[in-house]
1. List every residue pair whose Cβ atoms lie under 6 Å apart, where the two residues are 6 or more positions apart in sequence or sit on different chains, the first residue falls within the stretch 309-322 and is at negative phi and at pLDDT below 95, and the second residue, located anywhere, is in a helix (DSSP H, G or I) and buried (at least 22 other Cβ atoms within 10 Å of the Cβ).
2. State yes or no: is residue 72 touching a helix residue (DSSP H, G or I) at 6+ places or on another chain (Cβ under 7 Å) and modelled with pLDDT of 95 or more?
3. Which members of the stretch 106-128 meet the condition of being outside any helix (DSSP H, G or I) and within 16 Å of the ligand (Cβ to nearest atom)?
4. Can you tell me how many residues within the stretch 197-221 are out of contact with any helix residue (DSSP H, G or I) (no Cβ under 6 Å at 6 or more places or on another chain), in a strand (DSSP E or B), within 15 Å of the ligand (Cβ to nearest atom) and closer than 21 Å to residue 239 by Cα?
5. Suppose the filter is under 15 Å from the mean Cα position of the chain (by Cα) and either within 16 Å of the ligand (Cβ to nearest atom) or part of a helix (DSSP H, G or I) (or both); does residue 147 pass it?
6. Only one of these conditions is not met by residue 89: (1) surrounded by fewer than 15 Cβ atoms within 10 Å (Cβ to Cβ); (2) on the phi < 0 side of the Ramachandran plot. Which number is it?
Ligand SMILES: [Zn+2]
């Protein structure tokens, strides 16, 4: 009986993989032009991952802050071609130069356009552990992204390591007349998570820590650190939140329970937190009773989130990841 349930689970996963191709059709719902959120504050959405030739590897939101003398970019994107598209979009907003590019974490979809977008005029900034991860694995990540998005989408893409790093905690910077707080939240989605808080508008660019109805990617996450990071984000009391991966407006109503979901408000932090807390509780309940990971997989559905993008694919992986984290915690205390 249990094996039947596991197979059902795997069949659901496979189904989600096949359905992922229909995500490519979603690309049309994400306009190339950035959306204005507040004076001088823009976000450019992207269809959720995985990277593919149809989305050209662009699966994460990009932030654009226009100050009195320059522009700050948050997460420039996956490639030289997408970096050039972003620069053209910025040129339609303002003639001011890009003066800073902030990388929220070391995933290739977020960082590989940094060289193109920053050029010679801008500084590229990341948390110190993101610098180390990029130094150690970016060439491998670039090859992986070429494999997923295709060579034509990635042609001419150069790896640019951050020019400056910040440590843990809060670092305040003024770039191009725009005051931002860079908040390093510890190891959550990745080891070097960094969020960007625009002081004037109260806008928080949350990088990989917050998604909008898209399953969190946990392949290198620490779930307890991620939960703590989300508490740190809530404590910033942002006026609005720009999530890393997001469902476009007219589709986003599943977990909110409302017909229309207006903008990326701070409830997104709570939605991502609820999922992680429910996942941890579900895995921990079986683990503490000496149950195997297969038992969690066989009965690990969280129906509240079943409408989120990648649910069928990601839920078994996230269960396995959290189970392994609990084992590591136990070994560390022995
Ligand atoms: Zn990520």
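The values are calculated or read from the model by the stated rules, or taken from the named source; none is laboratory data. Fair warning: this is a prediction, and the values are worked out from it, not measured in the lab. Cβ coordinates were reconstructed from backbone atoms using ideal geometry, including for glycine residues, and neighbour counts include every protein chain displayed.
1. none
2. no
3. Scanning the stretch 106-128 gives 106, 107, 112, 113, 126, 127.
4. Number of matching residues: 1.
5. Criteria not met by residue 147.
6. Every condition holds for residue 89 apart from (1).
Every residue, every condition in (1) more than 18 Å from residue 74 (Cβ to Cβ); (2) free of Cβ contacts under 8 Å to residues at least 60 places away in the same chain, yes or no:
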{"residue": "141", "(1), (2)": "yes, yes"}
{"residue": "148", "(1), (2)": "yes, no"}
{"residue": "152", "(1), (2)": "yes, no"}
{"residue": "164", "(1), (2)": "no, yes"}
{"residue": "178", "(1), (2)": "no, no"}
{"residue": "190", "(1), (2)": "no, no"}
{"residue": "194", "(1), (2)": "no, no"}
{"residue": "207", "(1), (2)": "no, no"}
{"residue": "238", "(1), (2)": "no, yes"}
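A quick yes/no check of all residues on (1) closer than 20 Å to residue 230 by Cα; (2) crowded, with 20+ Cβ neighbours inside 10 Å:
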{"residue": "265", "(1), (2)": "yes, no"}
{"residue": "268", "(1), (2)": "yes, yes"}
{"residue": "279", "(1), (2)": "yes, yes"}
{"residue": "286", "(1), (2)": "no, yes"}
{"residue": "289", "(1), (2)": "no, no"}
{"residue": "294", "(1), (2)": "no, no"}
{"residue": "300", "(1), (2)": "no, yes"}
{"residue": "303", "(1), (2)": "no, no"}
{"residue": "311", "(1), (2)": "no, yes"}
